[in-house]
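Notes for the one structure printed next.
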Amino acid sequence: MAWDFSVEPEFQELLDWTDTFIREKVWPVDLLWPHDVYRPMTDQQRAIVDPLKQAVRDQGLWACHLGPELGGKGYGQLKLGLLNEILGKSIWGPRIFGTQAPDTGNAEIIAHYGTPEQKAAYLQPLLDGEIVSCFSMTEPQGGADPGIFTTEAVRDGSDWVISGEKFFSSNARWASFFIVMAVTDPEAPVVNRMSMFLVPAETPGIEIVRNLAHLGEPEHDGSEALVRYANVRVPASALLGEKGNAFGVAQTRLGGGRIHHAMRTVGNAQLCLDMMAERALSRTTKGQTLADKQAVQAMLADSYIDIVQFRLMVMYTAWQIDTYNDYKRVRKDISAIKVQTPRVMEAVAKRAIQIHGALGVTYDLPLTRMFSSGLMLALADGPTEVHQMTVARQLLRSYKPAEGMWPSMHIPTRRAAAEAELLSPAAV
């Protein structure tokens, strides 16, 4: 079966429009409000951002990760990946195009599992970009390991009562609602132990203990929350999906999200390379441009190779998803690109910082933000090491142990077999 990563001329025109739009219209917003992308917008911001959102809608590119049942275009992962490659070059781009995490995944959860009341209250405002949401899963003592989660939801009459603490609940301080994973059957196997709940932000008992800042964010204004749920009471209708099916619900929000993260990283890394090349041609030291220095040439070459290899790997994975429509079949490669995403971003951004010298580590350039995004991507949606194990386990399923004492490529054994087959009197 042929691999084909091309798109129709009409979609390429949309990609070209998006690239120009991001550079000319969205980059100025990035410069004015680099830390405000998830906050409720001020009147001043809305006056600028809302017309940009409308321009995206006019092109038919708003929230186009959604399926046709939610008003999306039904684009496959390859096309979405190419679009996200461009959006990755901007801070505000995903929000202005209606594709920002965690809201995109949370919208899909509500679309699939929400009650009519939940959809009316939260789904459309979320799809319209009017509100933001929080996915509250990881915990202080357990990180992303659900086997040791302790936040629980206990049935009390017709209600559920949620108690416990969650860590790194992104955008909790601004969220209109939380999607919370809680233990509902402590004795069940891990895969059936937990359930998912939609909890409005105004529900009594939700306490944001503190907000932590990412590297590069103002320390006093972080976006990652330690949240305490102190006997938070919600009705039975708050359950999203079936009791004990939190893992199934969570898979709904992952979907092609890792493809999008990876292709945004490709775009971000390419921007680093663009900056490196410009700097190398512009900066002179000891009578030569940096571009004439072999060490700089090596950094440029390595960065180009890293980006092109990674881009092709991500596009191949997206192509497989579109071709087979089976995420399980592509699980190995999805995990593989998750492993490579932070590696490529960190490596290219670090070289870009080095070539820019002292200026590279200041906030006068976006390189430290890009580098820190690589550090964070190594932890988001499961740490790199977990995905390495997935790749290895999936890979080993297609192999079998050697028969007998020696490896199957053992030359003396193979030579003896060849002699018996070709040189024995019977063979002659």
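Hey, in the GNM for the chain with a 10 angstrom Cα cutoff, which one of Gly267, Gly129, Gly287 fluctuates hardest?
Residue with maximal mean-square fluctuation among Gly267, Gly129, Gly287: Gly287.
Whole angstrom only: what separates the Cα centroid of segment 131-187 from the Cα centroid of segment 27-52?
After rounding, the separation between the Cα centres reads 30 Å.
I'd like the chymotrypsin sites (Phe, Trp or Tyr not before Pro) in segment 322-376 restricted to DSSP loop residues with at most 14 other Cβ atoms within 10 Å, sorted by number.
Here the chymotrypsin sites (Phe, Trp or Tyr not before Pro) that fit, given the DSSP loop and packing criteria, are Tyr363.
Fully extended, how many nm does the chain gain between Met389 and Leu423 (0.36 nm per residue separation, minus their Cα-Cα distance)?
Additional length available on full extension: 7.7 nm.
For segment 357-396 and segment 282-327, what is the centre-to-centre distance using only Cα atoms, to the nearest Å?
16
Using 0.36 nm per residue of separation minus the Cα-Cα distance, give me the extension gain between Trp27 and Leu70 in nm, one decimal.
Contour length minus the Cα-Cα distance gives 12.6 nm.
To the nearest 20 debye, what charge dipole does segment 1-106 have about its Cα centre, counting +1 at the Cβ of each Lys and Arg and -1 at the Cβ of each Asp and Glu?
For this selection, approximately 320 debye.
Work out from phi, with θ = phi - 60° and the Karplus expression 6.51 cos²θ - 1.76 cosθ + 1.60, the ³J(HN,Hα) of each residue of segment 277-289, listed in order in whole Hz, and give x for Gly and Pro.
5, 4, 5, 4, 7, 9, 8, 10, 8, 6, x, 9, 6
Where in the chain lies the longest segment free of GluC sites (Glu not before Pro) that are both loop residues by DSSP (not H, G, I, E, B) and have at most 14 other Cβ atoms within 10 Å?
243-402
To the nearest 20 Debye, how big is the dipole of the chain about its Cα centre, given +1 on the beta carbon of each Lys and Arg and -1 on that of each Asp and Glu? Numbers along the way, then the final one.
Details: 41 positive and 49 negative charges, 188 e Å.
Computed charge dipole of the chain: roughly 900 debye.
May I ask you to compute the full-extension gain from Asn231 to Leu359, defined as 0.36 nm times their residue separation minus their alpha-carbon distance, rounded to one decimal in nm?
Extra length available between Asn231 and Leu359 comes to 41.1 nm.
Find out how many positive minus negative residues lie around Phe97, taking Lys and Arg as positive, Asp and Glu as negative, among other residues whose Cβ is under 10 Å from that of Phe97.
+3
Here are a few candidate values for Cα Rg over 2.2 N^0.38 Å: (i) 1.01; (ii) 0.92; (iii) 1.13. Which one was actually calculated from the structure I just gave you?
Label (iii) holds the value from this structure.
For the chain, build the charge dipole from Cβ charges (+1 Lys, Arg; -1 Asp, Glu) around the Cα centre, then report which of Ser408, Ile208, Ala121 sits farthest towards its positive end.
Ser408
Mind listing the long-range amide H neighbours of Gly244? Cut-off is under 5 Å, sequence gap 5 or more, other chains count too, H placed in the peptide plane at 1.01 Å from N.
Those lying under 5 Å, H to H, from Gly244 are Ser195, Met196.
If Lys and Arg each add +1 and Asp and Glu each add -1, what is the summed charge of the other residues whose beta carbon sits under 13 Å from the beta carbon of Gly67?
Details: positive: Lys73; negative: Glu69, Glu108.
The answer is -1.
Provide the FRET efficiency to the nearest 0.05 for the His214-Tyr316 pair, computing r from the beta carbons and using R0 = 35 Å.
Numbers: r = 31 Å, r/R0 = 0.88.
Once the sixth-power term is evaluated, E becomes 0.70.
Skipping prolines and chain starts, which residues have an amide H placed within reach, meaning under 5 Å, of the one on Trp160, given they are 5 or more residues away or on another chain?
Sorted by chain and number, the residues that satisfy this are Val234, Ala236.
I'd like the FRET efficiency for Glu130 and Gln288, computed as 1/(1 + (r/R0)^6) with the beta carbon distance as r and R0 of 60 Å, rounded to 0.05. All intermediate terms of the calculation are to be shown ahead of the outcome.
Numbers: r = 54 Å, r/R0 = 0.91.
E(calc), rounded to 0.05, equals 0.65.
Putting +1 on Lys and Arg Cβ atoms and -1 on Asp and Glu Cβ atoms, find which of Trp3, Leu290, Met276 reaches farthest to the positive end of the dipole of the chain.
Of the listed residues, the answer is Leu290.
Hey, in the GNM for the chain with a 10 angstrom Cα cutoff, which one of Ser237, Ser158, Ser223 fluctuates hardest?
Top of the fluctuation ranking is Ser158.
If you plug each phi of segment 169-178 into the Karplus form 6.51 cos²θ - 1.76 cosθ + 1.60 with θ = phi - 60°, what whole-Hz ³J(HN,Hα) values come out, in order, with x for Gly and Pro?
Those phi angles translate into 8, 5, 6, 4, 5, 10, 6, 8, 7, 10 Hz.
Tell me the accessible surface of Ile148 in square angstrom (1.4 angstrom probe, heavy atoms of protein chains only), to the nearest ten.
80
Considering the dipole of segment 316-360 built from charges on the beta carbon (Lys and Arg +1, Asp and Glu -1) around the Cα centre, which of Ala336, Ala349, Tyr316 is farthest to its positive end?
Going by the Cα projections, it comes out as Ala336.
Using each residue's phi in segment 48-63, evaluate 6.51 cos²θ - 1.76 cosθ + 1.60 at θ = phi - 60° and report the 3J(HN,Hα) Karplus result to the nearest Hz, with x for Gly and Pro.
8, 7, 4, x, 5, 4, 5, 4, 5, 4, 4, 8, x, 10, 6, 6
Near Val56, within a Cβ-to-Cβ distance under 14 Å, what is the net charge of the other residues, with Lys and Arg +1 and Asp and Glu -1?
After counting each charged neighbour, the total is 0.
Return the distance in nm (one decimal) between the two label points of a simple spin-label model at Arg343 and Glu187, each offset 7 Å from Cα along Cα→Cβ.
Those two pseudo-labels are separated by 4.5 nm.
Beyond a 32 Å Cα-Cα separation, which of these cross-linked pairs lie in this structure: Lys89/Lys243; Lys53/Lys243; Lys79/Lys243; Lys89/Lys293; Lys25/Lys350; Lys25/Lys73?
Lys89/Lys243; Lys53/Lys243; Lys79/Lys243
The values are calculated or read from the model by the stated rules, or taken from the named source; none is laboratory data. Everything numeric here is computed off the predicted structure, so don't read it as measured data. Positions of Cβ are generated from backbone atoms using ideal geometry, with glycine treated the same way; all protein chains shown enter the neighbour counts. In case anyone asks, the SASA skips ligands and DNA or RNA and just uses the protein heavy atoms, side chains included. Shrake-Rupley method; radii C 1.70, N 1.55, O 1.52, S 1.80 Å.
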